[in-house]
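**Q** Once you've had a glance at the structure underneath, I'll fire off some questions.
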Amino acid sequence: MPVARKTVLIVEDDVHLRRQLSLSLRLVGFQTLEARGALEAIGLFERNHVDALVLDLTLPGLDGLTVKEEIAAHPRTRELPIVILTESQEPPQDVRPAYVLKKPVTPWVIVATLVRCLRECRRDAT
């Protein structure tokens, strides 16, 4: 699946992981946007076209589930492919378990999971 021109929003408060992931995604052809927290992510969604999301559930202030709920509330972004990053043992509800990654995780595992998520979500839509 060509990834060129696909924009991924990375919502991660760990600056090192966020930057490494952004670089890894750009190396394989994605465009990236970065947010440190939920409010910043929601603002980026309102101002930009986003094709997929990598979302940490543990964020300062509002958590990642708040971002997920906000995305699901809008018809334009309701079916957005999401890869969830979590430190929890319990996966969040309403998310395909294959797209939930337990931290610590390498950027390349996240990239591979995101590519698979995009491919499978596109196939489900046809």
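**Q** Just to verify a result, which residue in the stretch 65-104, among those that are among the acidic types (Asp, Glu) and part of a loop (DSSP other than H, G, I, E, B), is modelled with the lowest pLDDT?
**A** For the stretch 65-104, the residue satisfying everything is 94.
**Q** Using beta carbons and a limit of 6 Å, which pairs, at least six apart or on different chains, have the first residue in the stretch 40-52 and farther than 14 Å from residue 12 by Cα and the second one outside any helix (DSSP H, G or I) and among the hydroxyl-bearing types (Ser, Thr, Tyr)?
**A** The qualifying pairs are 50/7; 51/7.
**Q** So, in the stretch 70-91, exactly how many residues are surrounded by 12 or more Cβ atoms within 10 Å (Cβ to Cβ) and touching a helix residue (DSSP H, G or I) at 6+ places or on another chain (Cβ under 9 Å)?
**A** 12
**Q** Moving on to the next point. Considering only the stretch 1-53, state which residues are β-branched (Val, Ile, Thr) and either loosely packed, with under 12 Cβ neighbours inside 10 Å or in contact with a Pro (Cβ under 7 Å, 6 or more places away or on another chain) (or both).
**A** Answer for the stretch 1-53, where residues must be β-branched (Val, Ile, Thr) and either loosely packed, with under 12 Cβ neighbours inside 10 Å or in contact with a Pro (Cβ under 7 Å, 6 or more places away or on another chain) (or both): just 15.
**Q** Hey, another quick one. Among the residues of the stretch 40-60, write down those that are touching a Ser or Thr at 6+ places or on another chain (Cβ under 6 Å) and either of a type in the set (A, V, I, L, M, F, W, C) or not in a loop (DSSP other than H, G, I, E, B) (or both).
**A** Residues satisfying the conditions are 50, 57.
**Q** Hey, any hits in the stretch 64-81 for a residue that's within 23 Å of residue 122 (Cβ to Cβ), in contact (Cβ under 8 Å) with a residue 40 or more places away in the chain and aliphatic (A, V, I, L, M)?
**A** Yes, the conditions are met somewhere in the stretch 64-81.
**Q** Of all the residues that make up the stretch 23-58, how many are under 19 Å from residue 106 (Cα atoms), more than 13 Å from the chain's Cα centre (by Cα) and of a type outside the set (S, T, N, Q)?
**A** Number satisfying all stated conditions: 5.
The values are calculated or read from the model by the stated rules, or taken from the named source; none is laboratory data. Here the structure is a predicted model, which is why all the values come from computation and not from measurement. Reconstructed Cβ throughout: ideal geometry from the backbone, glycine too, with neighbour counts over all protein chains shown.
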